[in-house]
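To keep things clear, I will list the structure first and then write my remarks on it.
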Amino acid sequence: MKKILFLLLFITNLVSAQEEVVHSVYFEFDKFNLDEKQATDVVAFVKAIDTSRIESVQIYGYCDDRGKDAYNYKLSMKRANTIKAKLIEKGIRNIIIVTIEGKGRILIDDDIVDNLPEVRQKNRRVDVVMNFKRVPPKPIPGVYKDLKKDLVVGDRIYLEKILFDNGSSKLTSKSKLELERVARILHKYKNIEFEIQGHICCTPTFQREAIDKDTRKRMLSINRAEAVYKYLIFKRIDKKRMTYKGYGNTRPLGNGPDQDRRVELVITKI
């Protein structure tokens, strides 16, 4: 059956603080040309966004796990070039397309082989990543950038200086310095109990969690939260005051990918 699935991620409120949009076009097995439905979907995607805000475009082509590597790299590149041509035809300037790359085949992860046909179908795709000019973020009620005296249960502390390399759960040296400062405040406010929440951005909706490149398991947000948990224990914060949990990509702040790749402390008891 010829049916092209269409997935549009983070398409709502593009004129707000959103910094990145990922649009995916899915292909039939061994195909790279657009049919009428695909072409219509790509056109609708371009019309739905404010193209004047686009800073750069990256196009990545993929194949499923079948076939030889050399063939799949060529096929994934043809798919990427097909989408590039359609975007240019519909008004996207060639100069802002900074990356066009065929990634070849996507290997199947051990944790999703139970749904093999669907996974393979979703791996035969092109991802169009559109990066937008930054708009100043709007303040979010109940979300703070630092621990303070008058917090209440439910308040969220966004640890903006806790940074991770892409796909990694290892704390950077700058993150450790920031956690040392956070630990000193927690020693001051000994009554505060909290959940450490790990978050990620920019993965497809059907994969709420990302793969940690250090462990090769789809547990990136969990591992990031646990890394903070373990470091605070190392800094002598009582583990009875803390829990940790990964939320994947399910709770975006709406202020762009940098803030969605985050760790938060959510107050559970005062």
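The values are calculated or read from the model by the stated rules, or taken from the named source; none is laboratory data. Bear in mind that the values here come from a model prediction, so they are computed numbers and not experimental data. Don't worry about glycine lacking a Cβ; one is built from the backbone with ideal geometry, like all the others, and counts go over all protein chains shown.
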- If we keep just the residues of region 4-62 that are more than 16 Å from the chain's Cα centre (by Cα) and small (G, A, S), which is modelled with the lowest pLDDT? S16
- Message: Let me spell it out: the conditions are (1) modelled with pLDDT of 80 or more; (2) touching an Asp or Glu at 6+ places or on another chain (Cβ under 8 Å); (3) of a type outside the set (A, V, I, L, M, F, W, C), and D65 meets all of them except one. Which number is the exception?
- Response: (2)
- Task: For K174, work out the one condition from (1) within 30 Å of Y60 (Cα to Cα); (2) at pLDDT 85 or above it doesn't fulfil.
- Result: (1)
- Message: Considering only residues that are part of a helix (DSSP H, G or I) and of a type in the set (S, T, Y), which ones fall in region 210-224?
- Response: S221
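Quick grid of which residues meet (1) over 20 Å from Q207 (Cα atoms); (2) of a type in the set (A, V, I, L, M); (3) assigned to a helix (DSSP H, G or I):
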{"site": "I49", "(1), (2), (3)": "yes, yes, no"}
{"site": "Y60", "(1), (2), (3)": "no, no, no"}
{"site": "A70", "(1), (2), (3)": "yes, yes, yes"}
{"site": "M77", "(1), (2), (3)": "yes, yes, yes"}
{"site": "N131", "(1), (2), (3)": "yes, no, no"}
- Identify, please: which residue in region 166-182 is in a helix (DSSP H, G or I) and closer than 30 Å to V22 by Cβ and is, among those, nearest to the chain's Cα centre (by Cα)? S175
- Note on the structure: Those residues of region 71-128 that are surrounded by fewer than 18 Cβ atoms within 10 Å (Cβ to Cβ), out of contact with any Leu (no Cβ under 9 Å at 6 or more places or on another chain) and either of a type in the set (V, I, T) or on the phi > 0 side of the Ramachandran plot (or both) come to a total of 9
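Mind checking which residues of region 137-154 are buried (at least 16 other Cβ atoms within 10 Å of the Cβ) and modelled with pLDDT under 80?
Within region 137-154, just Y144 meets the criteria.
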- Item | From the options I162, I185, I157, I200, residue that is in a helix (DSSP H, G or I) and surrounded by 13 or more Cβ atoms within 10 Å (Cβ to Cβ) | I185
- In region 154-181, residues that are touching a helix residue (DSSP H, G or I) at 6+ places or on another chain (Cβ under 9 Å), free of Cβ contacts under 8 Å to residues at least 60 places away in the same chain and not small (G, A, S) total 6
